[in-house]
Structures are given as C-alpha cells and as structure tokens.
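The values are calculated or read from the model by the stated rules, or taken from the named source; none is laboratory data. Predicted, not measured: the structure shown is a model, and the values here were computed from it. Methodologically, a virtual Cβ is constructed for each residue, glycine included, from the backbone with ideal geometry; neighbour enumeration extends over all protein chains shown.
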Amino acid sequence: MKSFPAAESAAILDSLPVVVFRIGPDLRLTYANRPTCELLGLTPTQVVGRSCLEVGMEPATYGRWVEHLRTAFRTGQPGRFQYLRPPPPAEMLFEYRFVPERGADGAVASVLVAAFTVDEVKELRAELRAEEERFRAFMDRLPANAWMRNEAGVYVFVNSTYLAHYGFRPQDVIGRTVDEVWPADVAARFRSTDERVYAVWRAEQFLEVAPEPDGTPRSWLNVKFPFTGPDGVRYVGGVGIDVTDREREAAARRELDARLVSAEKIQALALLAAGSAHDFKNVLSVILGNADLAAGAVPAESPAREYLRQLSLAGDRAAELCSQMFAFAGGAQPRPGPTDLGAVARDTLRMSQPPRTSGVRVVVAAESNLPPVWADPSQLSQVVLNLVTNAVQAIGRNPGTVRVGVSAADDCVIMEVSDDGCGIPAAHLGRVFDPFFTTKPDGSGLGLAAVAGIVRDLGGTIAAESAAGAGTTFRVSLPAYHA
C-alpha cells in the first residue's frame, strides 16, 4: 500500500474540517491531512514517519493508544479511543475512530484514523438523532404499512401505520419472529414470500391476506425487497397498501360478467326453445289428431285401442314439455293484471293436485289482505305448481310436508315453498335454475328454468336455500302492485 493516498483522495481529505491521518504497521504516521498538521503546528514532512508520541501525545496516554492500534491491526475491526490533549493551544478532548484498511493480500496494511472533539461528536450525534427522527416521522406518516425483517424472520422495524392497522404495540412486534406475531397459516405465507425475495434477490410484489384484530381478513398488496445492512446481515423490507375494497370490486365485476354471459346464453336458449316448441307443437297436433281419429275407427275390443291410448298419453307428455319450453322462452302471450298470489296458490293446489305419494301433505298459509302483484294468473299458477311438484318429488315415498306460505314484506309479496325432503347438495344448488339441468332420471331440466323465467319477467327474484338431508326452501319475491 502507498504511504500517501492518491492526489485526488488527498485533496478531498485536506478539505474536510476533521483531523484525519493514517498509521502504518510500524505505528508511525504515513499521512496527515491539513487540519491534522494545523492542529499540531507542524508541516506534513515533520509529521510523516513519526509516531504519535513524537508529535505530542502524552506518554501516559500513548501506551493505551498503541494497545488500541494493535487491536485494530490484529482483528481488522473498527474501534474508538478517547484522548485528552493538553495545551497549548488549549486542552481538548478527542475521540478517535479507527478504520482498518486491507491490502491486496487481505491483511490489514494500515489504519485510517479520524479524530473529533467531543463537542463535534455531540453535534454529529445530534444530527444523527435529528435524521433518525425525520426518517421516523416520514415512515409513520406514510399512508402504507412499512416493515423490515432479518433473515431469521425477526422484525427490526415497523411504522406506526403498520401497528395501527393490526392493533399492535411496538413490543408486540419488534424483536419477535413472524411465527410469534401471526397465526401459523399467515406466518407460513409471509415466510414463503420472504424466502422468494431472498432467492431472486430483487423486489417482488405479492397479494397477501392478514387478519385485523377482530379476525376480519384484509387483502394487502405488498412490495418486498432484499438488502444487506452495514452489519452484513440480510434483510427484507416491505411496503404494503390495503386493497381489500379493490379486490371486492374486482370480484363483483367478475360475478357481473359471469351473470351477463349466463344471461346471453339463456337468451340464446330461449330463442331456440321458442322456435323448437312452436314447430314441434304443430307436428304433435297432427299426431294427436290422427291418433284420436284412429281410436274412433277401431272397435272397442281391438288391442290397437290400447296402443293408441299410449300414443295419446306420450303425445300429451310431449305437448307438456313444449309448453314448458315455451314458458321458459317467454313465448306465451301473458295477460297480466292485478292478481292475488295467495288466492292463486290456494286455487292451484285445490284444483290441480301435483303428483304426490300418499304420505305427503301440502299445506297452504296465505296472509289476508295481501297487496296484488301485476301478473298473469296462469303464469303464477305454473310457478306454484312447478315448485310444489318439485317439493313433493324431493320428499319421495317418505311421509313429509310441503308448506306454501304467502306474505307481504318491504313492498313485495313473498311466496315460500318449503319441504322436509332430501335437500339439494351444495354442488348442485347454484345450478337448479339452469336450463336442462336435472338430477332426475326422467326430468327435463326445464321446470325450474321456466319458473325463473316467469319470475324474472315479472320483475321479481327467486332463490333457493337447502342443505343435504335438511330440506329445501324456494323463495319468490314479486313487487307489490299499486294502482
């Protein structure tokens, strides 16, 4: 190593208002900047090559000075030493900072020494405290969470925003690991993303979920970045913003998009169903008409009459399916008017009993003085009959009860059809109103789809609540009509 720094380095050190000099392995000065020479009252030539004892250090102090220097040469670690310099010109208390310098072979070749008066040290410490306070004020007013963790997952810093969001006190977090601060599943996710950042050694962005004090989950967009501190320890720093509302809005948009796609599919199916039902019903009219004519021409005792009867029954079933498809498509021509839903429910179930096993009871309970709804009574009758038929079929051959209740609430007329049957599995509940979806071997999958279409056209809503083995409730809500 050179005895003197490069010219440009010397110029920089000479301009500093701080005493700076270099000590070689023989404990003699190899360089002294201008403030050092001015303090000693000597020229650079008079300083270089001499020991500190020879340029004015007290013999009683020099022994401790040498001990600290040798420690710096031996360990290669920075150190400090205080020295009270006697007058002239005046008594001054110095604090020396040792910075070992290594040569090309890695061994300590010299020690750079910077000397400060105690007053200067106090000023520097005051400036450092002020800088730390400015940093703390900035971080605490940052409208985002900020934190630092070391490689062991121990928190070394969190800002006030972080503490406030989660209801922590500083002692709840600082010096603790993520496993001590968070539930096991949350801590595992945090450690996993920390490890990812250490592995790639660059900033990464993560969507992470952490609970509030009451357990409510919040979504955070966290940017994490790795760095190495002056102590050589690796850290992950992070800044996070609350995106819970944004995520909810995005989920709502996705749901709306899915509903729009579903509505477009239903509209396309409706057009197809309406056209197919119309054409097929015309064909059925010819078939059923000819079957009736043939039955009249065949003797009563002929076996062919039974075949013709079965043909007519099958044709009637096909015509019923056409009617369901037509209703699903909205192809019928409704004649709406003020209609009492409670009266329609009672009359429908009195005159048109749905298929049922002998052990099933159907109970109707409708409030008196219900407000009317604006609807075609025949359409409402179809809604009632379809829902009750489904409820009876859900009970099957077991004894059970189907309850039909009609009431008024919030300017709407509500009809609930409940059964104590087998219930609908959760995997199927969201699809019960889809066209052609059925779990029955002989089902068409159009009954509930037609009901949903009618209710939708009337400006109402329909929903199903169920649990496997606990029965099902269908709830129809229609707006009350006011003349």
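Details
- Meets criteria (more than 26 Å from Thr339 (Cβ to Cβ) and touching a Pro at 6+ places or on another chain (Cβ under 6 Å)) for Ala468: yes
- Answer residue from the stretch 271-303, given it is touching a Cys at 6+ places or on another chain (Cβ under 6 Å) and among the hydrophobic types (A, V, I, L, M, F, W, C) and is modelled with the highest pLDDT among those: Phe280
- The stretch 381-410, residues that are of a type in the set (A, V, I, L, M, F, W, C) and either assigned to a helix (DSSP H, G or I) or modelled with pLDDT under 85 (or both): Val383, Val384, Leu385, Leu387, Val388, Ala391, Val392, Ala394, Ile395
- Condition met for Phe157 (at pLDDT 90 or above, more than 18 Å from the chain's Cα centre (by Cα), closer than 30 Å to Glu133 by Cβ and aromatic (Phe, Trp, Tyr)): yes
- Strands (runs of 3 or more DSSP E) wholly inside the stretch 1-99 containing at least 1 residues that are more than 23 Å from Ala109 (Cα to Cα) and at pLDDT below 85: 79-85
- Selected residue (only one of Leu112, Leu124 is at pLDDT below 90 and of a type in the set (A, V, I, L, M)): Leu124
- The stretch 411-437, residues that are assigned to a loop (DSSP other than H, G, I, E, B) and more than 24 Å from Arg361 (Cα to Cα): Asp411, Gly430, Arg431, Phe433, Asp434, Pro435, Phe436, Phe437
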